[in-house]
Amino acid sequence: MQRIVVAVIVVNAITLGLETFQNVPREVLHAVDLACLSVFVVELTLKLYAHGLRFFRSSWNVFDLLVVVVALVPGSGAFAVLRALRVLRVLRLISAVPRLRQVVGALMAAVPGMLSIGALLGLLFYVSAVMATMLFAGTDPERFGTLWASLFSLFQVMTLDSWSALVLPIMAEHSWAWAFFVPFVLISAFAVLNLFIAVIVDSMQHLKPPEDDAGGSSSAPAGSQAEDLPDDPFEEGVLVPAEELGQLRTELAALRGEVSTLTQALRNGASSGATTASTATSAAPLSAADGRVPEGGDDDTSTHVR
């Protein structure tokens, strides 16, 4: 069923793209679009019937429902703008493919860290915009005459979009202007923006393998889960979770302890066996001597101690 839904989403995406061309059979495209929408409605109806209110516990189910509801709104009159939102149905491919859901989940997990970095970048922009307005308002009032103009100009400088054409006229009037713009570019365009990349990469490193559609991965024991992991985590594009690595290390430490205990027990058993053998060997001559005593008799003077 999941593969059928993915195939329908791909066909619907191609259909929506073809509608943007001229001289295409629009009646056929509209029929295909209506058929795809019918499949989506049937799928969501079956999910609602099977899960009941639990359907709304999944954010992906709610997302699919909203996308399909928007597609059902008539695209005429006051709702003509909603017709363009039909293309949002292509985003259902994210919820249909486990790998894509995994990547989006990792991006959502990185949002708190990205918000902190965004606050830092906003603080940098505000301080720099105030300084640029005070320093260069008289030289270039169009770009640095107000705080808002300075913010937009500094954003252009940060994106490195023709920033030299913006800075060179100011440097012609103020030769020291590079001391302001060069550190700003280094901090904003290279340092702070790379922090966003670092946060996203750190979130991607904690990706978990997508759950099997049949639900076998959730019910399988920990040992089988470890065996199912790829030999090379980067081969499948999925990294081994840190908690599973910790569990494997704990089990390995327990196995090492058991092996050490068994080895010590074997050594103790071998040493006790060697002690018993040496005791029996030392006692043998005495028993032999005791056996020779009756041969001489009590009258044998050779056995008497003088």
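Couplings 3J(HN,Hα) for region 145-155, derived from phi with the Karplus relation 6.51 cos²θ - 1.76 cosθ + 1.60 (θ = phi - 60°), are x, 10, 5, 5, 5, 5, 4, 5, 5, 5, 5 Hz, where x marks Gly and Pro.
You can think of it this way: the chain between THR146 and LEU168 has 6.0 nm of extra reach, that is 0.36 nm per residue less the Cα-Cα gap. Converting phi to 3J(HN,Hα) with the Karplus coefficients 6.51, -1.76 and 1.60 and the offset θ = phi - 60°, region 263-268 yields 4, 5, 5, 5, 5, 5 Hz in sequence order, with x at every glycine or proline. What the Cβ-Cβ distance of ASN268 and GLU244 gives, at R0 = 41 Å and to the nearest 0.05, is a FRET efficiency of 0.65. If R0 is taken as 25 Å, the Cβ-Cβ distance between HIS206 and SER116 corresponds to a FRET efficiency of 0.90.
Phi angles of region 15-24 translate, via the Karplus equation with coefficients 6.51, -1.76, 1.60 and θ = phi - 60°, into HN-Hα couplings of 4, 5, x, 5, 5, 7, 8, 8, 6, 10 Hz per residue; Gly and Pro are given as x. Note on THR139 and ILE197: with the Förster distance fixed at 30 Å, the Cβ-Cβ geometry gives a FRET efficiency of about 0.30. The stretch between SER58 and ASP161 holds 32.9 nm of extra length on full extension. This uses 0.36 nm per residue minus the Cα-Cα distance.
Coordinate-derived values only; no laboratory data. What you see is a predicted model, and the numbers here were worked out from it, not measured in a lab. Heads up, the Cβs are rebuilt from the backbone with ideal geometry, glycines too, and the neighbour counts pull from every protein chain shown.
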